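Here is the structure we will look at.
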Amino acid sequence: MTQKRRISRLTLLRQKIEEAWLYRIGYRLAPLRQQRYIRHLQGRSEIRVVFVVVSIPMWKYQGLYDLLRADARFRVQIVLSPSMNYSDEQRLSDIRVMRSYFDSRAMPYVDWDIEHDAPAVDIRRELNPDIVCYSQPYHGVFHPRHQFLNFTDRLLAYYPYGALQTSEPFLFDQVMTNIAWRLYYSDRYVLADACRFMRNGGSNVVVVGYPNADLYTRPLTADPWHDEGHRLKRVIWAPHCTLANDGSSLSKSNFLDLSEAMLRLAHDYRDRVQIAFKPHPGLLTELYRHPDWGKQRTDDYYKRWSQMENTQLETGDYIELFKGSDAMIHDCGSFVIDYLYFRRPVMFLTRDIQRTRQYGNELCRQAYDIHYTGCTEQDIRRFIDDVVLGGNDPLSASRHQFYQDNLLPPGGQSVARNTYDDLVESLGIPKLPDVVTEK
């Protein structure tokens, strides 16, 4: 696969120049262009919506997709677009998982034959969308044909793929976030940061709740755990991909310190604990690039997790994995909030929890306070022995209260329905009260 090498420097330079103009001046014109386009849509019988999908762990639009697909006024399409930042191996793995996921749900999509180095679909020319939905706002993630810069005269929408938890300006004040039509954010804390940091003052932010809430609150439908009958305690280990661990807000991973220790733990607890290795999607690429790891060692390591008697490797969707689990051990910022939807014991791995907390917004700091914390193999063993196996869980009541106070979507509706209602209202078209609810 040579797609990344074929993207010309001139194309990238043009994009950088356009982004610079949009960031400094052009964002001010975005609301006027959007309103003009909305007036154009109001005379149309069909509105074309495209979801650009990077990977299944970052696919947060299922509920909204179902609602829009049930509304005859919308034509909904999915485009597979694995991240250009990842290695060829990672991109190939991601697109195969995406195909499997959408095929199993009979959801049509526009494919990308990256195995045979086929060109990326030209979304603008071939699909001509009115609304384009993304789960990442960053430059370089998408192929130039899939970039948001192709649709500055259309309507851009954005669900963050994970909970936004750090009060860092760069997470909010991006080119795309300032020119987007709608940013669908999770809670009042994120809204406050957006208003504080964004050049447009957060004027395009709508609080609808966290998209994963719709999935987390539904019953378990298919149990992915390998221990039949739930004989063992089920623990997820979810390491992040930021291997440097330099103390910054986005560098927290303890993987290099704990990779072998976690295999020892799996062996030692083989009669009592089933461990699911759920790495961040980017960890494979980072390990391939790491001078002490590389492809062979990384592949061998992942394979060991797929073959041990009480372990399993999970690289795709994690919703059902979470639902069927008993506890989690992680250092992923996006899971600090996510796993609290299940009110089960959770341990955050960090060398310095106070330093980690300082980068969080108010909601995230509250969430860290109801995590057990540690950084060594001994800390993890104590968590498994005392909390997971022993049932000594003093933070249980606090987790349940946090869930009631902070994690339920506003308005007593699903997040998808909140988003759908805002979308049709902002387009100036009537709501359909009989639209089918999300599956």
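The values are calculated or read from the model by the stated rules, or taken from the named source; none is laboratory data. Please read all numbers here as calculations on a predicted model, not as lab measurements. Every residue, glycine among them, receives a Cβ derived from its backbone with ideal geometry; neighbour counts consider all protein chains shown. Ligands, DNA and RNA are excluded from the accessible area calculation, which covers all protein heavy atoms including side chains. Shrake-Rupley method; radii C 1.70, N 1.55, O 1.52, S 1.80 Å.
Figure legend. Inter-residue proximity from the range 140-157: first residues free of Cβ contacts under 8 Å to residues at least 24 places away in the same chain, second residues assigned to a loop (DSSP other than H, G, I, E, B), beta-carbon distance below 8 Å, spacing 6+ or different chains. No pairs are indicated. Considering (1) in contact with a strand residue (DSSP E or B) (Cβ under 6 Å, 6 or more places away or on another chain); (2) at pLDDT below 95, the lone condition that PHE51 does not fulfil carries the number (2). Within the range 287-307, residues that are free of Cβ contacts under 8 Å to residues at least 24 places away in the same chain sit with their Cβ atoms under 7 Å from residues that are surrounded by 12 or more Cβ atoms within 10 Å (Cβ to Cβ), at 6+ positions apart or across chains, in these pairs: TRP293/LEU287; GLY294/TYR288; THR298/LEU284; THR298/LEU287; THR298/TYR288; SER306/GLN312; SER306/LEU313.
Of the residues making up the range 6-63, those that are in a loop (DSSP other than H, G, I, E, B) and closer than 30 Å to PHE322 by Cβ are VAL54, SER55, TRP59, LYS60, TYR61.
When we screen SER87, SER45 for residues that are farther than 23 Å from TYR210 by Cα, polar (S, T, N, Q) and touching a Leu at 6+ places or on another chain (Cβ under 8 Å), the only hit is SER87.
Quick check, is LEU220 part of a helix (DSSP H, G or I) and out of contact with any Pro (no Cβ under 6 Å at 6 or more places or on another chain)? Taking the combined requirement at face value, the residue does not satisfy it. Only one of the listed residues (ARG125, ARG199) is modelled with pLDDT of 95 or more, assigned to a helix (DSSP H, G or I) and surrounded by fewer than 23 Cβ atoms within 10 Å (Cβ to Cβ). That residue is ARG125.
Quick check on the range 241-257. Is at least one of its residues within 29 Å of LEU283 (Cα to Cα) and modelled with pLDDT of 95 or more? No: zero hits. Scanning the range 133-149 for residues that are open to solvent by 20 Å² or more (accessible area, probe 1.4 Å) and hydroxyl-bearing (Ser, Thr, Tyr) yields a single hit, TYR138. Scoring VAL205 on the criteria (1) surrounded by fewer than 17 Cβ atoms within 10 Å (Cβ to Cβ); (2) free of Cβ contacts under 8 Å to residues at least 40 places away in the same chain leaves a single failure, condition (1). Filtered by the rule that a residue be open to solvent by 60 Å² or more (accessible area, probe 1.4 Å) and closer than 17 Å to TYR210 by Cα, the range 338-364 gives ARG343, GLU362.
Being of a type outside the set (Gly, Ala, Ser), closer than 19 Å to SER81 by Cβ and crowded, with 21+ Cβ neighbours inside 10 Å, is that true of even one residue in the range 37-49? There is at least one residue in the range 37-49 that is of a type outside the set (Gly, Ala, Ser), closer than 19 Å to SER81 by Cβ and crowded, with 21+ Cβ neighbours inside 10 Å. Taken residue by residue, the range 65-76 has at least one member that is open to solvent by 70 Å² or more (accessible area, probe 1.4 Å), more than 21 Å from PRO160 (Cα to Cα), without any contact (Cβ under 8 Å) to a residue 60 or more places away in the chain and of a type in the set (Gly, Ala, Ser). Of all residues in the range 373-388 being touching an Asp or Glu at 6+ places or on another chain (Cβ under 9 Å) and under 30 Å from PHE170 (Cβ atoms), which is least open to solvent (accessible area, probe 1.4 Å)? Among them, the one singled out is CYS375. All conditions but one from (1) in a loop (DSSP other than H, G, I, E, B); (2) at pLDDT below 95; (3) farther than 24 Å from TRP21 by Cβ apply to VAL141; the one that does not is (3). For the range 150-165, filtered to residues that are over 17 Å from VAL207 (Cα atoms) and open to solvent by 10 Å² or more (accessible area, probe 1.4 Å), the residue that is farthest from the chain's Cα centre (by Cα) is ASP153. Filtering the range 83-110 to residues that are part of a loop (DSSP other than H, G, I, E, B) and under 14 Å from PRO57 (Cβ atoms) leaves SER83, TYR86.
Within the range 304-317, does at least one residue satisfy the condition of being open to solvent by less than 20 Å² (accessible area, probe 1.4 Å), farther than 30 Å from GLU362 by Cα and aromatic (Phe, Trp, Tyr)? Yes, the range 304-317 has at least one match.
Of all residues in the range 80-105, none satisfies the criterion of being under 21 Å from ILE123 (Cα atoms), open to solvent by 10 Å² or more (accessible area, probe 1.4 Å) and small (Gly, Ala, Ser). Of the set (1) open to solvent by 10 Å² or more (accessible area, probe 1.4 Å); (2) under 27 Å from SER87 (Cβ atoms), all apply to CYS332 but (1).
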